[in-house]
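Enquirer: Here it is: the structure, laid out below.
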Amino acid sequence: MTYVIAGDCCSDASCVAVCPMNSIHPSPGAGGFGTTDGLFIDPRTCIDCGACADVCPVDAAKPADQATPVEVELNRSYFAERPALNALDLDTWEAPTFLPWTGGPRRVAVVGAGPAGMYAARELLLRSTAEVTVYDRLPVVGGLARFGVAPDHPMTKQIVETFTRVLEHPRVQWRPGTEAVVEELENRYDAVVHAVGSYQSRRLGIPGEDGAGSCSAADMVAWYNGRPGVTSLPVALTGPRAVIVGNGNVALDLARLLISDDRRLAGLDLPPVVRAALQDSGITEVVILGRRGPESAAYSASALRDLLALDGVEVVVDENTLDHSPALRAEPRSREGQGTGVSQSVEERGAEELLRGVCRGRVELGALPRPGRRIVLCFSTTPVAWDAAAGLTTDRGVVPAGNLFAAIGFVGQAVPGLPFDERRGIVPNDRGAVIGRPGHYVTGWIKRGAQGGIGANRACAEETVRSLLAAAPSPVLTAARM
């Protein structure tokens with residue numbers, strides 16, 4: 001489902017900066033910006049990632065099925081006689097605004113072929129005469145855009161095809177399945193951009209975390225997306241209840257998949273072995289447990305809408321866990337007539353407003369799940385210990401469950417040869433330039449921490465490449481090549 005801009009667009013252009021496909025126009029500086037009736041989303045290139053809706057300050061960006069026919073037509077008609085512009089189509093962008101390096105082509109290495117690395121490569125091709133070599137330890141391009149996006153978001157994965165086109169540029173060399181070493185890169189290139197991401201899952205730090213039935217949500221995502229090197233199910237799936245600790249998009253993605261019935265699973269692009277394992281799991285209830293209150297939930301409104309729209313699945317907020325959230329406790333909804341679990345009055349608002357529209361009830365998690373399929377949202381609950389036989393012990397009691405999945409985020413790993421901030425999980429940098437290591441740059445999660453979706457990497461890469469092109473080539477790296 002594509003997105004549209006409807007209602008009262010404020011034209012602050014936050015959505016333009018985060019759109020990974022350059023689908024929102026007119027952009028600042030372009031003809032028509034500030035004079036048209038707001039902004040418009042091109043349905044021909046929108047990939048349904050929801051980035052625009054997440055940053056829109058007035059909730060004007062929304063899925064097309066939540067807009068009126070007139071609003072959908074306004075977006076379509078704006079682009080009726082305009083060519084489609086793709087974020088990584090190098091032939092359709094404006095002329096470079098940065099001065100290219102002088103003295104002929106320079107050699108730059110980009111380490112990492114996920115969104116951050118590919119946006120950096122694109123910027124280098126647009127803004128300079130550099131020859132770019134892209135390295136990745138995986139055999140294919142895409143990173144988390146390929147192996148981290150939920151299978152029920154197939155349009156979002158289409159951006160991988162645009163990244164592939166960058167690799168076909170005559171000034172690009174592609175080195176898949178290669179572990180890049182800092183010292184070796186310094187002998188070959190004038191500058192190095194590290195876009196290695198933050199792929200290590202954060203740990204809960206509780207007894208039994210490594211026991212049977214427990215693993216990270218990231219391990220499950222890698223399994224159901226067929227990431228190279230992941231050949232088997234990380235843990236046996238044991239119903240009827242699974243607990244996911246975490247309040248981000250990954251937690252919601254996994255919950256949707258675990259609770260899906262056979263009919264929904266049949267419509268998803270899944271390997272047969274994955275589909276069979278999910279069908280045989282016996283999981284009918286998923287508890288999404290947040291260690292803080294609903295006001296701290298990190299999932300986007302679009303991800304929560306997807307959860308609430310699951311057909312035949314009851315979604316309920318456990319009222320027992322709202323002790324410190326009086327705003328969400330107000331105006332509880334009745335279970336009768338729940339439908340999709342979201343009221344019409346809050347469909348177009350943010351995640352916190354959507355939560356206010358979800359029915360609440362006192363859920364007895366100490367007992368076995370009742371018949372039917374259900375997702376329970378719990379807050380302000382601390383996991384204490386895990387035991388495959390007893391379940392998850394929390395500060396509120398024991399929750400019998402067959403599986404525990406930790407979805408509490410990612411942390412960056414040190415890059416050998418570069419400085420590293422252990423507390424923040426990033427390489428220390430100034431606008432992408434690695435502090436204390438001239439010629440080395442970072443972009444993406446290893447630069448700013450594990451936050452932000454695909455579109456956020458676009459602006460991040462632009463800043464890093466701007467720093468790279470503004471600096472003189474590193475005398476250390478240049479001397480090493482002479």
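Read the figures in this text as sums done on the coordinates, not as results from a lab. Source: prediction; values computed, not measured. So basically every Cβ, Gly included, is an ideal-geometry build from the backbone, and we count neighbours across all protein chains shown.
Enquirer: Which peptide among 453-459, 120-126, 415-421, 426-432 comes first, and what is the full order, when sorted by highest mean count of other Cβ atoms within 10 Å? Provide the component values of the computation, followed by the final result.
Expert: On the way: 453-459: 22.7, 120-126: 25.7, 415-421: 15.4, 426-432: 18.4.
Highest to lowest by the protection proxy: 120-126, 453-459, 426-432, 415-421.
Enquirer: Going by how many other Cβ atoms sit within 10 Å of their own, how do Met118, Met1 line up, fewest first? Kindly include the intermediate steps, with their values, before the conclusion.
Expert: On the way: Met118 32, Met1 13.
Ordered from fewest to most neighbouring Cβ atoms within 10 Å, Met118, Met1 come out as Met1, Met118.
Enquirer: Between Asp311 and Thr178, what is 0.36 nm times their sequence separation minus the Cα-Cα distance? Round to one decimal in nm.
Expert: On the way: separation 133, 0.36 × 133 = 47.88 nm, distance 4.35 nm.
Between Asp311 and Thr178, full extension yields an extra 43.5 nm.
Enquirer: Charges on Cβ only, +1 for Lys and Arg, -1 for Asp and Glu, centred on the Cα centroid of the chain; of Val132, Pro416, Ala277, which one is farthest towards the dipole's positive end?
Expert: Projecting each Cα onto the dipole axis, the largest value belongs to Pro416.
Enquirer: With +1 on each Lys and Arg Cβ and -1 on each Asp and Glu Cβ, and nothing else charged, work out how big the dipole of the stretch 202-408 is about its Cα centre, in Debye to the nearest 20.
Expert: 40 debye
Enquirer: First obtain the Kirkwood hydrodynamic radius of the stretch 202-408 from its Cα pairs, then insert it into the Stokes-Einstein equation at 10 °C and 1.306 mPa s, and state the resulting D in µm² per second as a whole number.
Expert: Details: Rh = 17.1 Å.
Answer from the Stokes-Einstein relation: 93 µm²/s.
Enquirer: For the chain, what proportion of DSSP beta bridges, expressed in % and rounded to the nearest 5, is antiparallel? Show your work: numbers first, answer last.
Expert: Values: 18 of 58 bridges.
Here the share of antiparallel DSSP bridges comes out near 30 percent.
Enquirer: For the chain, divide the Cα radius of gyration by the Kirkwood radius and give the resulting Rg/Rh value with two decimals.
Expert: Values: Rg = 23.5 Å, Rh = 23.8 Å.
With Rg and the Kirkwood Rh in hand, the quotient comes to 0.99.
Enquirer: Compute the length gained on full extension between Arg466 and Ala236: take 0.36 nm times their separation in residues and subtract their Cα-Cα distance, giving the result in nm to one decimal. Before the final figure, lay out each step's value.
Expert: On the way: separation 230, 0.36 × 230 = 82.80 nm, distance 4.76 nm.
Between Arg466 and Ala236, full extension yields 78.0 nm more.
Enquirer: Describe numerically, in nm with one decimal, the distance between label points set 7 Å from Cα along Cα→Cβ at Ala13 and at Glu352.
Expert: Result: 2.8 nm between the two label points.
Enquirer: Once the other residues with Cβ under 12 Å from the Cβ of Val182 are scored (Lys, Arg +1; Asp, Glu -1), what is the net sum? Show your work: numbers first, answer last.
Expert: On the way: positive: Arg188, Arg437; negative: Glu179, Glu183, Glu184, Glu186.
With Lys, Arg at +1 and Asp, Glu at -1, the net is -2.
Enquirer: Express in % the proportion of alpha carbon pairs of the stretch 3-78 at distances exceeding 22 Å.
Expert: Working: 237 of 2850 pairs.
Here the tail beyond 22 Å accounts for 8 percent of pairs.
Enquirer: Of the peptides 305-314, 225-234, how do they stack up when ordered by the mean number of other Cβ atoms within 10 Å, highest first? Before the final figure, lay out each step's value.
Expert: Values: 305-314: 18.7, 225-234: 14.0.
Going by the mean number of other Cβ atoms within 10 Å, highest first, we get 305-314, 225-234.
Enquirer: Taking a label point 7 Å from the Cα of Arg171 along the Cα→Cβ vector, which residues of the stretch 115-143 have an amide N closer than 14 Å to it?
Expert: From the stretch 115-143, the list is 120-134.
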